[in-house]
Amino acid sequence: MDCQELFPGKACLAGKCVVNNTAVCQCANGFSHSPEFVYFHEGPVEASLCSYNERVIEILYIIAVSFMASAFILQLAFLEPTKRATQARRLKTTFASLAFLIIATVYRLVGKSVGFDDVYFSFLVAQGFAFFLLSVYTFVLKGMHLLVSDSEWTSTNVQDFVYSYKRAGIAARGIEFAACQFLWIAAVARENQPLSLSLFYIFCASIFLVNLQVIYFFWRFRSTYEGDLEAVTDFKFGASSRQLDSDDRKLIRKWRKGNQKKMYLITFAIIHHILPCIFLAWIPLFFPFGLQVMLPYVVPISFSGWPIKVLLEIYVAQKRRNQKQTLRKLKTRNSFIKHVEPNRSITRVDDVGILSEEPEKDELV
């Protein structure tokens, strides 16, 4: 039996292959044979890759638990006193995810578990990751609703698309939650290596397919929003019916940029959803090297991204409160909205009905 080798690494990786009666990987100082995800080596453990640096992995988990505990505390601290119970219920998936992952990390550090070959650790991580995906979906959907409700126009196209994403998301979240359970089931079946690997690949493939759906919906939503923005720009500034001077172009660019910024939060949330999945599911699905060598390090690193989400949610909440205060001041002079029809024609609508299609001179939009 030869020493293990996985593309693009060399034989033994951080070690040297020594052949006497049998092949053995002599690991470099600080490295050892991985105790988890060794699916692609059927010989003795001593001949598997030297890819596991326990000290580095412990440090990564310590950093992760510090970040997650801070995120949990910050999220609690920024709940509004008058709405604490309501906001806590709305953020229950976030709190559940953080709680599961914090417990898993502490168990990994204190209990010295063997990572994903440990059923208890795998179970805790599976639930934490499942609630993480559900939390991000809820955040994206909330961002879409916020984008629609706080825009100076309404749109049949965008509204229909948001409702479609919500309906499709129910099934997708069910698939993701079920797929995450294969993480700990694979640990239960660890003695049967082909079955355990198959279960892990089911998890990876399910997450990959759902991610493709998320990317498709986001691309369609962004394209639809940009198309409506173009139609409203033409209606508001008459860009296609008159000559524009440099001041007009600057004003249009400034106005468009202000509306496009509203898409940034949704874009960031989608990246926050997809990026961990690329390293936790996509790469392990297609590259054995990513599964056996990279994943033990990627897992604690991915846990450390939570403070970004917490800060983002605080920022969104604060920005929305400020926008509501501004809208209250302008309500008396701008008591109507624009509506983008499916064919992208524009109408102005107030509480009574459809107004003139031409904007007023003192229109505050």
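Key figures
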| quantity | calculated |
| --- | --- |
| Subset of the stretch 80-134 (residues that are closer than 16 Å to ALA178 by Cα and in contact with a Lys or Arg (Cβ under 8 Å, 6 or more places away or on another chain)) | LEU133, LEU134 |
| Residue match in the stretch 265-273 (condition: open to solvent by 40 Å² or more (accessible area, probe 1.4 Å) and either of a type in the set (Lys, Arg) or more than 20 Å from the chain's Cα centre (by Cα) (or both)) | no |
| Yes/no for ILE283 being open to solvent by less than 50 Å² (accessible area, probe 1.4 Å) and either in contact with a Cys (Cβ under 8 Å, 6 or more places away or on another chain) or touching a residue at least 60 places away in the same chain (Cβ under 8 Å) (or both) | no |
| Residue identified as in contact with a helix residue (DSSP H, G or I) (Cβ under 7 Å, 6 or more places away or on another chain), open to solvent by 30 Å² or more (accessible area, probe 1.4 Å) and not in a loop (DSSP other than H, G, I, E, B) among PHE139, PHE116, PHE129, PHE100 | PHE100 |
| Residues located in the stretch 265-302, provided they are of a type in the set (Phe, Trp, Tyr) and touching a Gly at 6+ places or on another chain (Cβ under 7 Å) | PHE289 |
| Pairs, first free of Cβ contacts under 8 Å to residues at least 60 places away in the same chain and open to solvent by 10 Å² or more (accessible area, probe 1.4 Å) in the stretch 165-181, second in a helix (DSSP H, G or I) and polar (S, T, N, Q), C-beta under 6 Å, six or more apart | ILE175/SER206 |
| Residue match in the stretch 179-198 (condition: under 22 Å from the mean Cα position of the chain (by Cα) and closer than 17 Å to VAL65 by Cα) | no |
| Members of the stretch 209-236 found to be buried (at least 20 other Cβ atoms within 10 Å of the Cβ) and modelled with pLDDT of 85 or more, listed by number | VAL210, ASN211, VAL214, PHE217, PHE218, PHE221 |
| Selected residue (criterion: surrounded by the most Cβ atoms within 10 Å (Cβ to Cβ)) from residues of the stretch 1-46 that are in contact with a strand residue (DSSP E or B) (Cβ under 6 Å, 6 or more places away or on another chain), of a type in the set (Val, Ile, Thr) and in a strand (DSSP E or B) | VAL24 |
| Candidates PHE217, PHE200, PHE235, PHE221, filtered to the one that is of a type outside the set (Lys, Arg) and touching a strand residue (DSSP E or B) at 6+ places or on another chain (Cβ under 9 Å) | PHE235 |
| Of all residues making up the stretch 1-38, the number that are of a type in the set (S, T, N, Q) and within 19 Å of GLU58 (Cα to Cα) | 3 |
| Subset of the stretch 288-303 (residues that are in contact (Cβ under 8 Å) with a residue 24 or more places away in the chain and either open to solvent by 10 Å² or more (accessible area, probe 1.4 Å) or within 25 Å of PHE67 (Cα to Cα) (or both)) | PRO288, PHE289, LEU291, VAL293, LEU295, PRO296, TYR297, VAL299, PRO300, ILE301, SER302, PHE303 |
| The stretch 52-90, residues that are open to solvent by 80 Å² or more (accessible area, probe 1.4 Å) and assigned to a loop (DSSP other than H, G, I, E, B) | PHE78 |
| Options THR105, THR93; residue that is polar (S, T, N, Q) and surrounded by fewer than 22 Cβ atoms within 10 Å (Cβ to Cβ) | THR93 |
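Rundown of residues vs (1) modelled with pLDDT of 80 or more; (2) among the polar types (S, T, N, Q); (3) out of contact with any Ser or Thr (no Cβ under 9 Å at 6 or more places or on another chain), yes/no style:
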site	(1), (2), (3)
PHE279	yes, no, no
TRP282	yes, no, yes
LEU295	yes, no, yes
GLU313	no, no, no
PHE336	no, no, yes
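The values are calculated or read from the model by the stated rules, or taken from the named source; none is laboratory data. This one's a predicted model, so the numbers in the text were calculated from it and none came from an experiment. Cβ: placed from backbone, ideal geometry, glycine included. Neighbour counts: every protein chain shown. To get the accessible areas, we keep the full protein, side chains included, count just its heavy atoms, and leave off ligands, DNA and RNA. Shrake-Rupley method; radii C 1.70, N 1.55, O 1.52, S 1.80 Å.
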